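Everything on this sheet refers to the single structure shown next.
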């Protein structure tokens, strides 16, 4: 086998289509997460429109999560520290789950890739008590 045969290149049109498909998939997933986060906020007493706008904006969605969990705003700094941010996100999702009337350990499940989608859907669209968030 010659080196030319070993280094086959992808057709440029195929590469562009693949890249565009990945971008569209990412955008759909991002908007889906923002929608679910806004639905959780709505169930916790915040208006959907404002919550959806905050959920779409990158840093504002962390602020929204902190508001929903009832955590202080300075925790935003903790999200920027590697390893610490994993602990903080678990604590935030645990507080949100408890406010939605679900078990707090669901916050730990938010670290598991496919399970986190199921938990997000259950928090956003499931029934259960809701303790209004304090802003």
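With both labels modelled 7 Å from their Cα along Cα-to-Cβ, the residue 115 to residue 59 distance reads 3.3 nm. Peptide packing: for 9-15, 64-70, 116-122, the average count of neighbouring Cβ atoms within 10 Å per residue gives the ranking 64-70, 116-122, 9-15, highest mean first. Packing-based ranking of 72-78, 84-90 yields 84-90, 72-78, ordered from highest to lowest mean Cβ neighbour count within 10 Å. Averaged over residues, the count of other Cβ atoms within 10 Å places the peptides 95-104, 17-26 in the sequence 95-104, 17-26, highest first.
Here is how the number arises for the chain: DSSP H runs of 4 or more residues each give -39500 (n - 2.57), the sum is divided by the residue count, and the result at 222 nm is -21500 deg cm²/dmol.
Can you tell me the orientation of helix 113-125 relative to the chain, as the angle in degrees between its alpha-carbon axis and the longest Cα principal axis, to the nearest 10? The two axes meet at around 40 degrees. With the convex hull drawn over the C-alpha atoms of the range 16-125, the volume per residue is 113 Å³.
No value in this document is a laboratory result; all are computed from the given coordinates. All of these numbers come straight from a predicted model, not from anything done at the bench. Glycine also receives a Cβ, built like all others from the backbone with ideal geometry; neighbour counts cover every protein chain displayed.
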